[in-house]
Amino acid sequence: QVQLVESGGGLVQPGGSLRLPCAASGFIFRRYGMGWYRQAPGEERDWVAVISSRDVTAYRDSVKGRFTISRNIANNTVTLQMNNLKPEDTAVYYCNVAIATDMYWGQGIQVTVSS
């Protein structure tokens, strides 16, 4: 079955960096685009960055120039590199893949940006 496992979250000071890998299994990784979403307390889950099966990327405006999404087909991993983090980036981050009409999510990982 499809499994997505995020790692790499934690507490970081404003201006710092974090790297979030998501290990994927249970589907043919190279055929599908993937995404990162986040959900802050009391808010809806929003998309952050996506990468297509052809490695075309897109970012929400608030993270452009600071976050980079990439994928490694050799080890079935999609990674979100987050630089110059701000307190408003604090949220639970989720890895996502859409296959046919089904959406699959990882368990989520906490990112907290605070001094």
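The values are calculated or read from the model by the stated rules, or taken from the named source; none is laboratory data. Everything numeric in this text was worked out from a predicted model, so none of it was measured. For neighbour counting, all protein chains shown are included, and Cβ atoms are generated from backbone atoms with ideal geometry for every residue, glycine included. Ligands, DNA and RNA are excluded from the accessible area calculation, which covers all protein heavy atoms including side chains. Shrake-Rupley method; radii C 1.70, N 1.55, O 1.52, S 1.80 Å.
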Per-region count, region 61-79, residues surrounded by 15 or more Cβ atoms within 10 Å (Cβ to Cβ) and more than 13 Å from Leu20 (Cβ to Cβ): 2
Which listed residue, of Asp46, Asp61, Asp55, is touching a Phe, Trp or Tyr at 6+ places or on another chain (Cβ under 8 Å), farther than 15 Å from Gly106 by Cβ and of a type outside the set (Ser, Thr, Tyr): Asp46
Thr101 of a type in the set (S, T, N, Q) and surrounded by 12 or more Cβ atoms within 10 Å (Cβ to Cβ): no
Conditions (1) at pLDDT 95 or above; (2) within 18 Å of Gln3 (Cβ to Cβ); (3) of a type in the set (Phe, Trp, Tyr); number of the one not met by Phe67: (2)
Residues (touching a Ser or Thr at 6+ places or on another chain (Cβ under 9 Å), loosely packed, with under 13 Cβ neighbours inside 10 Å and either in a loop (DSSP other than H, G, I, E, B) or of a type in the set (D, E, K, R) (or both)) located in region 3-18: Gln13
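Let's see how each residue does on (1) assigned to a strand (DSSP E or B); (2) over 18 Å from Gly10 (Cβ atoms); (3) without any contact (Cβ under 8 Å) to a residue 12 or more places away in the chain; (4) open to solvent by 60 Å² or more (accessible area, probe 1.4 Å):
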site: Gln81; (1), (2), (3), (4): yes, no, no, no
site: Leu85; (1), (2), (3), (4): no, no, no, no
site: Glu88; (1), (2), (3), (4): no, no, no, yes
site: Tyr93; (1), (2), (3), (4): yes, no, no, no
site: Gln107; (1), (2), (3), (4): no, no, no, yes
site: Thr112; (1), (2), (3), (4): yes, no, no, no
Within region 28-62, tally of residues that are in a strand (DSSP E or B) and either in contact (Cβ under 8 Å) with a residue 12 or more places away in the chain or touching a Lys or Arg at 6+ places or on another chain (Cβ under 6 Å) (or both): 13
